[in-house]
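Encoded as C-alpha cells, the structure appears first; notes follow it.
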Amino acid sequence: MKLDHYSVRTNELDAVKDFFCDVADLQPGDRPPFKFPGYWLYDAETGAAIVHLIGIDNTPGDSTGAADHMAFTGDGARYDAIAEKVLALPYPHEMRTVPGRGLRQIFVTGPHGLVVELNFPPPD
C-alpha cells in the first residue's frame, strides 16, 4: 500500500492551497466537477493529485484532530533551494537532521495548524 492522497477540509480554501503550493511545491490541476468548491494539488514529479482540498462554510476547528502532519520526500539535491524558499515564507518552521541517518527535515505549519514535513535524503 502507498498513500494515494491526503484530504483537507477548510474554510480558507485559497490560503490553504497557497500554503501547499508554496511549501510542498504542488500545483493545482484537473479536478472533477464536484458540487462543492475545492482543489486537487498535484506533484510535478509524479503527476499524482496527492492533496485534495475541500471548501466548507463552517469552521473546521483550530486543530487537525487526530491527524498530526503529512510528509513528503523530496530530491536531496533540491534541499538548499527548498530550504531557502521556506525561510522566505511567512509560515512557522523548524529544520532538523535525523540523528545517525543524515535525513534533513523541514517542518512547516500552515493554516488550521496543518503541518507539512519535507524530507530530503543526505547528499551523495
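Quick note: the coordinates plus some simple rules give every number you see, no bench work behind them. Keep in mind it's a predicted model, so treat the numbers as computed, not measured. Here the Cβ positions follow ideal geometry from the backbone for every residue, glycine too, while neighbour counts run over all protein chains shown.
With the contact rule set at Cα under 8 Å and sequence spacing of 6 or more, what percent relative contact order holds for the stretch 25-124?
22
Write down the Å³ per residue value for the convex hull defined by the alpha carbon atoms of the chain.
In the chain, the Cα convex hull volume per residue is 129 Å³.
Tilt of helix 79-88 relative to the longest C-alpha principal axis of the chain, in degrees (0 to 90, nearest 10)?
60
According to a simple spin-label model (label point 7 Å from Cα along Cα-to-Cβ), what is the distance in nm between L87 and T109?
Label at T109, label at L87, 2.1 nm between them.
Label points 7 Å out from Cα along the Cβ direction at V98 and K2: separation in nm?
Distance between the two pseudo-spin positions: 1.8 nm.
Quick one: order K17, K35 by neighbouring beta-carbon count within 10 Å, fewest to most.
Exposure proxy ranking, most exposed first: K35, K17.
Select from the stretch 42-124 those trypsin sites (Lys or Arg not before Pro) which occupy a DSSP coil region and have at most 11 other Cβ atoms within 10 Å, ordered by residue number.
Sites meeting the loop and neighbour criteria: R101.
Taking H placed 1.01 Å from N in the peptide plane, check which residues at least 5 places from G74 or on another chain put their amide H under 5 Å from its amide H.
Hits under the 5 Å cutoff: N119, F120.
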